[in-house]
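Participant: A single structure is presented below for examination.
The values are calculated or read from the model by the stated rules, or taken from the named source; none is laboratory data. The shown structure was predicted, so the numbers you read here are calculated from the model rather than taken from an experiment. As a convention, Cβ positions derive from the backbone with ideal geometry for all residues, glycine included, and neighbour counts pool all protein chains shown. Each accessible area value is taken on the protein alone, full model and side chains, heavy atoms only, with ligands, DNA and RNA left out. Shrake-Rupley method; radii C 1.70, N 1.55, O 1.52, S 1.80 Å.
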Amino acid sequence: MIELPVVSSKSSQSGSTNTAMNSNVKVQQRIYHCMKDCMYFGEFNLIDRDIPLIVEQAIKIRKCTFLDLNYNNITANGAELVANALKTNTSLKILRFWHNHLRDTGASSIAQALCSNRTLTTLCLANNGLTDKCIPDMVYMLKKNQSLTVLYLDRNKIGDEGMVSLMNSLHYNETLQNIYLHENAITDHSIDSTKKMFRKNYTLNLLSLGNNQFSDQGRDILKIFANSNDHIRLFV
């Protein structure tokens, strides 16, 4: 019988420490080589322990205006760290969190932070496993926030309850211009609230609802109604 070598806990801890240090070095190098205003960390294998360095160096010190965190492994814990920085940040304008693992808790943290943020204009939370549970915080944010113009919530699991709440909140929002909700779980039950929003809102320019669960008749109803509206483009 061949005996496998036993790895001591000290060696294991040392390996973990080295991995963390190497990750920090990669992040620092990327920050150094990026333009001052734009930080690109898309597909960078980031995890939550990388976020404090990004918050400190990219957001607080470099005062970046564009932060790309797409296609990583960031969870609600990492999102909360970014959210805490957003509460007082006055430089970041575009934040992209597409295809991470924020879930409802992480999305709610970001939304709550934007209630006091007056700078961010574009937020991407697409493909993060979001459901209707995070929508109340999104709705409250849309009532309070006066800077956000583009919101990506596509490729999630938002249903009719969340959709109706979002459409109702847009009766009073005078800032948001584009909202992306395609590839969710929205059905014909959201049509009436969408039509009411069309009548009330004069700021929204684009509403993306493609690849949801509308019936053919439901899609036709929305298309006909959208064609009679001269200020909102609808994709369904």
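Participant: Just one of L114, L130, L120 is under 19 Å from A185 (Cα atoms) and either among the aliphatic types (A, V, I, L, M) or surrounded by 19 or more Cβ atoms within 10 Å (Cβ to Cβ) (or both); which is it?
Facilitator: Step by step, each of L114, L130, L120 is checked, and only L130 is under 19 Å from A185 (Cα atoms) and either among the aliphatic types (A, V, I, L, M) or surrounded by 19 or more Cβ atoms within 10 Å (Cβ to Cβ) (or both).
Participant: Go through (1) of a type in the set (S, T, N, Q); (2) open to solvent by 70 Å² or more (accessible area, probe 1.4 Å); (3) out of contact with any strand residue (DSSP E or B) (no Cβ under 9 Å at 6 or more places or on another chain); (4) within 29 Å of N173 (Cβ to Cβ) and name the single condition N77 misses.
Facilitator: Unmet for N77, out of (1) of a type in the set (S, T, N, Q); (2) open to solvent by 70 Å² or more (accessible area, probe 1.4 Å); (3) out of contact with any strand residue (DSSP E or B) (no Cβ under 9 Å at 6 or more places or on another chain); (4) within 29 Å of N173 (Cβ to Cβ): (4).
To keep it simple, each residue is scored yes or no on (1) at pLDDT 95 or above; (2) within 17 Å of L151 (Cα to Cα); (3) open to solvent by less than 70 Å² (accessible area, probe 1.4 Å).
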| residue | (1), (2), (3) |
| --- | --- |
| Q177 | yes, yes, no |
| T187 | yes, no, yes |
| D192 | yes, no, no |
| K200 | no, no, no |
| L204 | yes, yes, yes |
| L207 | yes, yes, yes |
| Q213 | yes, no, no |
| D216 | yes, no, no |
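Participant: Answer yes or no: is there a residue in the stretch 101-114 that is on the phi > 0 side of the Ramachandran plot, touching a helix residue (DSSP H, G or I) at 6+ places or on another chain (Cβ under 8 Å) and of a type in the set (K, R).
Facilitator: Within the stretch 101-114, one or more residues are on the phi > 0 side of the Ramachandran plot, touching a helix residue (DSSP H, G or I) at 6+ places or on another chain (Cβ under 8 Å) and of a type in the set (K, R).
Participant: Any chance you could count how many residues in the stretch 1-57 are surrounded by 13 or more Cβ atoms within 10 Å (Cβ to Cβ), in a helix (DSSP H, G or I) and modelled with pLDDT of 80 or more?
Facilitator: 16
Participant: Looking at (1) surrounded by 21 or more Cβ atoms within 10 Å (Cβ to Cβ); (2) more than 20 Å from I232 (Cα to Cα), which is the only condition L142 fails?
Facilitator: (2)
Participant: I'd like to check something: does the stretch 155-170 contain any residue that is of a type in the set (A, V, I, L, M, F, W, C), surrounded by fewer than 20 Cβ atoms within 10 Å (Cβ to Cβ) and on the phi < 0 side of the Ramachandran plot?
Facilitator: No, because not a single residue in the stretch 155-170 is of a type in the set (A, V, I, L, M, F, W, C), surrounded by fewer than 20 Cβ atoms within 10 Å (Cβ to Cβ) and on the phi < 0 side of the Ramachandran plot.
Participant: Of all residues in the stretch 128-175, count the ones that are charged (D, E, K, R) and assigned to a helix (DSSP H, G or I). Don't jump to the end; show me each part of the working.
Facilitator: First pass over the stretch 128-175, keeping only residues charged (D, E, K, R): 132-133, 137, 143-144, 154-155, 157, 160-161, 174.
Now drop any that are not assigned to a helix (DSSP H, G or I), which leaves 132-133, 137, 143-144, 160-161.
Residues meeting the conditions: 7.
Participant: For the stretch 77-104, name all the residues that are within 19 Å of I47 (Cα to Cα) and either touching an Asp or Glu at 6+ places or on another chain (Cβ under 8 Å) or part of a loop (DSSP other than H, G, I, E, B) (or both).
Facilitator: Matches in the stretch 77-104: N77, G78, L81, R96, F97, W98, H99, N100, L102.
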